[in-house]
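Input: a single structure, listed below in structure tokens.
We did not get these values from a lab; they are worked out from the coordinates using the rules stated. Fair warning: this is a prediction, and the values are worked out from it, not measured in the lab. Counting neighbours? That spans all protein chains shown, and the Cβs are built from the backbone with ideal geometry, glycine included.
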Amino acid sequence: MSRISRGESFVDRLTPWLLPVSVLVLWEICTRVGLIEQRVLPAPSQVAVAFWENAKSGALAHHVMVSFNRAIVGLAIGGSIGFILGVLNGVSRPAEKLFDSGLQMLRNVPHLAIIPMVILWFGIDETAKIFLVAVGTMFPIYLNTFHGIRTVDRGLVEMAKVNGLGRFAIFWRVVLPGAMPSVLVGLRYALGIMWLTLIVAETISASSGIGYMTMNAREFLQTDVVVLGILVYALLGKAADFATKLIEHRVLAWHPAYHASGSVSA
Amino acid sequence: MLKRIDPRRDLVSADDAVSVAPVAQPTPLGKRLKLEGLKRSFGPRKVLDGLSLDVPAGQFVAIVGRSGVGKSTLMRLVVGLDQPEEGRVVIDGEPVKGLQSSVRLLFQDARLLPWHSVLSNVGIARTPGWREAAIEALSDVGLADRLNEWPAVLSGGQRQRVALARVLVGRPSVLLLDEPFGALDAMTRVEMHGLLERLWLQRKFTTLLITHDVAEAVALADRVIVIKDGRLTFDIDVAAERPRHRADPHLAALQDKILAEV
């Protein structure tokens, strides 16, 4: 990351924080002087206290781990299925004929609409949440992988053929890397859907996780904990986005948008 | 810069010439290429209508013709990316079908894989010992110092030289060049001409060069043919000694003659 921030002055680096920090300060002042009732919105300092207490008791870490686990397992399952189907349909026309229209129909069902069915099938335990996350993350990855593979430069494939590469080598060295930028776009979409699905699923039915934590706090009018939960979701989302950026920098190091120096680092 | 475009020298450029290692004369690679009555149509349009051509081993043939007369289609048939409806391609007496390891095609655009380094692009076929072969080919085209770079940072001429190195690694008997210099600026073109001529003189692969630049054709080729309406309509030997001088009046006269036939 140092490569990106190099050359930015202190002021440049400070600028993005200007707005969020002023909002926080304003918010704190408004709640302190009573412009905003605490029942409506707790002061940032109260949220900080709630954070500290929950962190100290270990409750926060427990809920975050539970949610994180569900998210990752769901994404791994849904993402893999989406990726494999995308590759299969991208490479093979018969497979596309067989699967694509069916998948498109399924895709158009809002996956959160099947929550009642999911609860009937799996109850409210882990499987239900992981299933929902998997269904939600599968489609963006499927669509983008499929699209990425189909839009690989035909000229490059032809070049590889002429230079004696076999089908397998063409797939690994030409088609898959060519589809990668698109696959990663799919991954970023999927991450957004992953958190969204999890929030909804945990809010409706759960006995642990951040969604449960916030719903439980609502029962007791602990608005500070509710806001804390929302902030944790935001942070997790940001962390996921950061992780994909790291992956992009690594996988797409060749892409002019990601490299500054031009040399291939080992 | 001026001395670089001196046509009297077998040139890549002064500094490139230094970096080229003096190698022992390789054995001639060329094989006889015979095209027998090739026919190919797309829908109702007959692109090639019984085209025949006999190229002796190691000869450099330039193919000239207007756009859309089937020059590129011809290349695709010879390299095996496409099949003729009638006729056949014969290499050293053997009729061939499909992609051949002895035939290589250099496209108009370099077609480098952006996600591989220059070295990795040149050794794309990953044949045993590809690394050494790729380094050697890159130094042959004067790019030995760029092997660890991404293709995206190279200039058009450099990219085309990488593509040329990639073709050389395959040690082709028949080299097809589909307007490989068409997109380059004039100075880079002259550099590339010198480079190609030198490599061809060293290895003597049988060469078919498509071009619509008649000056390019007479500057490089042993023989120039004209394709019109899917057939070979004109065939002339270029007798001039090498290295050739661009200003040679004999070549200029020949150019006019060919232009009249295109």
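At-a-glance table
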| read-out | value |
| --- | --- |
| Antiparallel bridges, percent of DSSP beta bridges restricted to chain B (to nearest 5) | 55 |
| Sites residue B:127 and residue A:168 - FRET efficiency at Förster radius 25 Å, r taken between beta-carbons, to 0.05 | 0.95 |
| Whole-number percent relative contact order across chain B, with pairs defined as alpha carbons under 8 Å at least 6 apart | 28 |
| Spin-label model distance (nm) - residue A:220 vs residue A:55, 7 Å beyond Cα toward Cβ | 2.0 |
| Cβ crowding within 10 Å averaged over residues, with A:187-194, A:229-236, A:11-18 ranked highest first | A:187-194, A:229-236, A:11-18 |
| Extent along principal axes [Cα atoms of the range B:114-171; Å; largest to smallest] | 28, 22, 17 |
| Rg(Cα) / (2.2 N^0.38 Å) computed for the range A:164-266, rounded to two decimals | 1.58 |
| Linear extension gain, residue B:49 paired with residue B:233, 0.36 nm per residue minus alpha-carbon span | 65.1 nm |
| Percent RCO, i.e. relative contact order, over the range B:114-171, from Cα pairs under 8 Å lying at least 6 residues apart | 47 |
| Global form of chain B, assessed from the alpha-carbon gyration tensor, a/c cut-off 1.5 | oblate |
| Length added when fully stretched, residue A:10-residue A:40, from 0.36 nm per residue minus Cα-Cα | 7.1 nm |
| Residue-averaged beta-carbon neighbours from other chains (10 angstrom radius) around A:159-171 | 5 |
| In Hz, Karplus ³J(HN,Hα) per residue of the range A:22-32 (6.51, -1.76, 1.60; θ = phi - 60°; x = Gly, Pro) | 5, 4, 4, 5, 4, 4, 4, 4, 4, 6, 5 |
| Inter-label distance, nm, simple model (7 Å from Cα along the C-beta direction), residue B:183/residue B:246 | 2.3 |
| Relative contact order computed over the range B:63-125 (Cα-Cα under 8 Å; 6+ residues apart), in percent | 23 |
| Calculated [θ] (222 nm, deg cm²/dmol) that DSSP helices of n ≥ 4 give over chain A, each run adding -39,500 (n - 2.57) | -25500 deg cm²/dmol |
| Candidates B:149, B:216, B:191: whichever shows maximal mean-square fluctuation once chain B is modelled as a Gaussian network with Cα springs under 10 Å | B:149 |
| Cα gyration tensor category, rounded, prolate or oblate, for the range A:42-251 with a/c compared to 1.5 | prolate |
| Volume per residue that the Cα convex hull of the protein assembly as shown spans, once the total is divided by residue count, Å³ | 215 |
| Estimated FRET transfer efficiency (residue B:101, residue A:203; beta-carbon r; R0 51 Å; 0.05) | 0.25 |
| Cα-based equivalent ellipsoid, the range B:61-203: semi-axes from gyration tensor eigenvalues, Å | 26, 19, 14 |
| Eligible lysines near residue B:39 by straight Cα distance, threshold 26 Å, same-chain separation 8 or greater | A:161, B:31, B:71, B:97, B:228 |
